[in-house]
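The values are calculated or read from the model by the stated rules, or taken from the named source; none is laboratory data. Bear in mind that the values here come from a model prediction, so they are computed numbers and not experimental data. When we count neighbours, we look across all protein chains shown, and the Cβ atoms used for this are built from the backbone with ideal geometry, even at glycine. Please note that ligands, DNA and RNA were not included when accessible areas were found on the heavy atoms of the full protein model with its side chains. Shrake-Rupley method; radii C 1.70, N 1.55, O 1.52, S 1.80 Å.
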Amino acid sequence: MRVRAFSLFLSLVVSFAVFAQNQAAKIRELETFFEREMKSQQMPAISVAVKHGDFTWSRGFGLADVDNDVRATEQSSYRMASVTKPMTAVAILKLADEGKIDLDAEVQTYVPYFPKKAKPVTVRQLLSHMGGISHYKNYDKEGRIKDPKNTREAIAIFEDFDLINEPGTAYNYSSYGYNLLGAVIEGASGKSYAEYLTENVWKPLGMTSTRMDDPRALIPHRVTGYVLERGQLKRSEYVDISSRFGGGGTRSTVIDMVRFLEGLAAGKILKTATRDQAWTMAQTRDRHYVHYGYGFGLYSRNGRYVVAHGGSQQETRTSMSYLADAKLYIALASNFENADLGRFESKILEVLLGDPAMPGLRGSNVDDDRALAALTSIYDNGLAYYSRNRRAMTTDPRELQAAFTYLATSLDDPAKIDEGAHPASGEPLTKIGSYIAATLASKGSLDAYHREGPLRFISDFAASGSTPNFDESFVRRVQGWQNAWNGVTPAMRTLNLSEPGSLAEIEKLAGISVKPDYVGELLGLGEAAALDQDMAKATRIATAGVAAYPTSPSLHGFLGILQLLAGDHEGGMKHLRKSLELEPTGYASARNLERIANSTPEAVATVVRKAKQELHGN
């Protein structure tokens, strides 16, 4: 017995040592990345907190106060900006659980001084940004308020704005809508927003460092905010954010952000059914999902269901995420307005889960682009559904056969592909994807598919011999794409386009039949170069982009405008016409060209309006 006990003890010691070594290695890799990425982005400070099973890590990097050489830590206090919204939503839902709020009641039930609108606005609609309440109309005025506001004064800023759409019909992100929810909390509870949140959300979840922002209060570990202007680091503009109280008026730490998510996941504060509803995508009246629940953004990352929210305002950038299937919580906060926190979060996910962010897929012709978009929808929505629910959406053979038939008839219709992930169509693409996930899960782990993406996901299922299955000719197309994708190196799948040499890698994609989709990043970099008046750089980016992605209407349109500005009328109009042919309502549409003209200097606007006249005759 003693020998057996000693062997068990020794095994535990060895296991703990291996765990400690693995944890230390992961932390070193993350710290090295954080320091390098901060330098690349010219960030003063960032704080991070992560919990992944038994793995925990939190610390600060850089300077919370550059002027006084104060180091950032995991206890640094940052403005939360829109990460306040999930806290507001949880407070509303707790009041609903207690029977003090009817989510389907009109907002005036709790805020009688808010004027009636053309259509009724309910509390539930505000939670999912479908109440028709406007966001900022004039940010230069409304987003730069210097004096403190109480609740009534904050509501008065927008109370006379007309609805921007009929409530329940469309998603329109609105900080004002969440200010209105803050007023609902006060009306229903009889307490101030700060009092109710402190007593019923923050304290019960152990969020001891979370509070309303107050420029005059003594707040421990308060950071100073910074912004990059013309390449120089400057202090952020002073604003008083009490006018944003329910939509972005709090201050907290990354430790408390993780406590917030962890407490909700553990079933604290809210009933389980209520929490699950908050973490389920809301639907418009015509049964289309929006990627938002009640106070939380919801999306698929590599087929994993993600609950998240970010924040952005003067002095700060914030982000928090929860991946339920991986039991992973991430919180990030920076005192740098220009910070791209997505790069840091992606690296954390790559190190801890082993799957770098999966790029979208592009083909070499329009037909392939459509088919790849359908496969990506099947993968993203179906695998995420399974990762959250651990079951297929349906196993009924007739429903599944109808779903495969829908796919076959949607490949020539982009609108039908998009529709296939929404309740209005019965979610046939999600049904296919969740069925595939359940089939593959019965044969082993799904981890490889989070790493390798939709082509491997579809190919392995097709080879499983399950019924129903994809058409044989479609399977051959997928296998051909998989072979081509195998030739795309891991480095090319995870490019950081702001790094030197990345454009040369983009140029290598020109001859590959299926490739990672960097269209959005290329367009963003090109437009940034054009704003900096580096037209040569902008043109190089757009030219490389069009060569790699000949079916991109936005890159053709952007290159066309650049060529017109350079005096190449024939070349410019050729690309604009190609853009219009690829997507009549896209980049080269009359509406978008007018938008570009309205937001650019007069010399550019004149050229764009002439092109609009030639293309559209108006």
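The table that follows gives values for the structure above.
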| quantity | calculated |
| --- | --- |
| Check on Ser464, modelled with pLDDT under 95, outside any helix (DSSP H, G or I) and in contact with a helix residue (DSSP H, G or I) (Cβ under 7 Å, 6 or more places away or on another chain) | yes |
| Residue within the range 357-364 that is under 23 Å from Met43 (Cα atoms) and more than 15 Å from the chain's Cα centre (by Cα) present | no |
| Residues of the range 22-59 satisfying the condition of being surrounded by 15 or more Cβ atoms within 10 Å (Cβ to Cβ) and aliphatic (A, V, I, L, M) | Ile27, Leu30, Met38, Met43, Ala45, Ile46, Val48, Ala49, Val50 |
| Residue list for the range 103-140, filter: over 13 Å from Ser175 (Cα atoms), open to solvent by 80 Å² or more (accessible area, probe 1.4 Å) and out of contact with any Lys or Arg (no Cβ under 8 Å at 6 or more places or on another chain) | Thr109, Pro112, Lys116, Ala118, Lys119, Asp140 |
| Residue within the range 520-529 that is in contact (Cβ under 8 Å) with a residue 40 or more places away in the chain, more than 25 Å from Ala605 (Cβ to Cβ) and among the acidic types (Asp, Glu) present | no |
| Answer residue from the range 141-182, given it is more than 27 Å from the chain's Cα centre (by Cα) and under 15 Å from Pro120 (Cα atoms) and is least open to solvent (accessible area, probe 1.4 Å) among those | Glu159 |
| Qualifying residue in the range 51-67 (condition: of a type in the set (S, T, N, Q), without any contact (Cβ under 8 Å) to a residue 60 or more places away in the chain and assigned to a strand (DSSP E or B)) | yes |
| Matching residues, the range 527-545, being within 26 Å of Trp485 (Cα to Cα) and either touching a Ser or Thr at 6+ places or on another chain (Cβ under 9 Å) or among the aliphatic types (A, V, I, L, M) (or both) | Ile541, Ala542, Ala544, Gly545 |
| Count - residues of the range 214-224 that are among the basic types (Lys, Arg) and either under 20 Å from Val83 (Cβ atoms) or open to solvent by less than 40 Å² (accessible area, probe 1.4 Å) (or both) | 1 |
| Any hit, the range 360-368, residues being out of contact with any Ser or Thr (no Cβ under 6 Å at 6 or more places or on another chain), open to solvent by less than 10 Å² (accessible area, probe 1.4 Å) and farther than 30 Å from Leu407 by Cβ | no |
| Members of the range 211-226 that are under 27 Å from the mean Cα position of the chain (by Cα) and free of Cβ contacts under 8 Å to residues at least 60 places away in the same chain | Arg211, Met212 |
| When residues of the range 255-275 are limited to those that are more than 22 Å from the chain's Cα centre (by Cα) and open to solvent by 30 Å² or more (accessible area, probe 1.4 Å), the one nearest to Ala49 (Cα to Cα) | Ala266 |
| The range 559-609 - residue that is of a type in the set (S, T, N, Q) and surrounded by fewer than 20 Cβ atoms within 10 Å (Cβ to Cβ) and, of those, farthest from Gly520 (Cα to Cα) | Thr606 |
| Only one of Asp325, Asp286 that is within 19 Å of the chain's Cα centre (by Cα), of a type in the set (Asp, Glu) and open to solvent by 20 Å² or more (accessible area, probe 1.4 Å) | Asp325 |
| Test: residue in the range 133-153 that is in contact with a strand residue (DSSP E or B) (Cβ under 8 Å, 6 or more places away or on another chain) and more than 17 Å from Asp240 (Cα to Cα) | no |
| Identity of the residue in the range 480-519, of a type in the set (Gly, Ala, Ser), surrounded by 14 or more Cβ atoms within 10 Å (Cβ to Cβ) and in a helix (DSSP H, G or I), that ends up farthest from the chain's Cα centre (by Cα) | Gly480 |
| Residue list for the range 60-96, restricted to those being open to solvent by 40 Å² or more (accessible area, probe 1.4 Å) and of a type in the set (Asp, Glu) | Asp67, Asp69, Glu74 |
| Tally of residues being buried (at least 16 other Cβ atoms within 10 Å of the Cβ) and either at positive phi or of a type in the set (Ser, Thr, Tyr) (or both) across the range 531-545 | 2 |
| Selection from the range 225-242 of residues that are assigned to a helix (DSSP H, G or I) and crowded, with 24+ Cβ neighbours inside 10 Å | Ile241 |
| Of all residues in the range 422-461 being outside any helix (DSSP H, G or I) and surrounded by 22 or more Cβ atoms within 10 Å (Cβ to Cβ), the one that is nearest to the chain's Cα centre (by Cα) | Gly453 |
| Residues of the range 542-595 classified as β-branched (Val, Ile, Thr) and under 14 Å from Gln613 (Cα atoms), total | 1 |
| Pairs where the first residue, in the range 562-579, is in contact (Cβ under 8 Å) with a residue 12 or more places away in the chain and the second is in a loop (DSSP other than H, G, I, E, B), C-beta under 7 Å, 6+ apart | Leu576/Ala588; Ser579/Gly586; Ser579/Tyr587; Ser579/Ala588 |
| Ser252 within 26 Å of His135 (Cα to Cα), in contact (Cβ under 8 Å) with a residue 12 or more places away in the chain and open to solvent by 20 Å² or more (accessible area, probe 1.4 Å) | no |
| Elements of type helices (runs of 4 or more DSSP H) in the range 312-389, at least 3 residues being more than 17 Å from Pro454 (Cα to Cα) | 341-353 |
| Residue that is surrounded by the most Cβ atoms within 10 Å (Cβ to Cβ) [pool: residues in the range 390-407 that are of a type in the set (Gly, Ala, Ser) and assigned to a helix (DSSP H, G or I)] | Ala403 |
| Selection count, the range 38-79, where residues are of a type in the set (Phe, Trp, Tyr) and within 19 Å of Tyr226 (Cβ to Cβ) | 2 |
| Hits in the range 249-300 (condition: over 30 Å from Pro454 (Cα atoms) and assigned to a strand (DSSP E or B)) | Thr250, Arg251, Ser252 |
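Residue by residue, here is whether (1) at pLDDT below 95; (2) surrounded by 23 or more Cβ atoms within 10 Å (Cβ to Cβ); (3) among the charged types (D, E, K, R) holds:
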position	(1), (2), (3)
Gln314	no, no, no
Thr318	no, yes, no
Ser334	no, yes, no
Arg343	yes, no, yes
Glu350	yes, no, yes
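Residue-wise test of (1) in contact with a helix residue (DSSP H, G or I) (Cβ under 8 Å, 6 or more places away or on another chain); (2) closer than 30 Å to Ala49 by Cβ.
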| residue | (1), (2) |
| --- | --- |
| Ala91 | yes, yes |
| Ala96 | yes, yes |
| Ser134 | yes, no |
| Lys137 | no, no |
| Leu163 | no, no |
| Leu180 | yes, no |
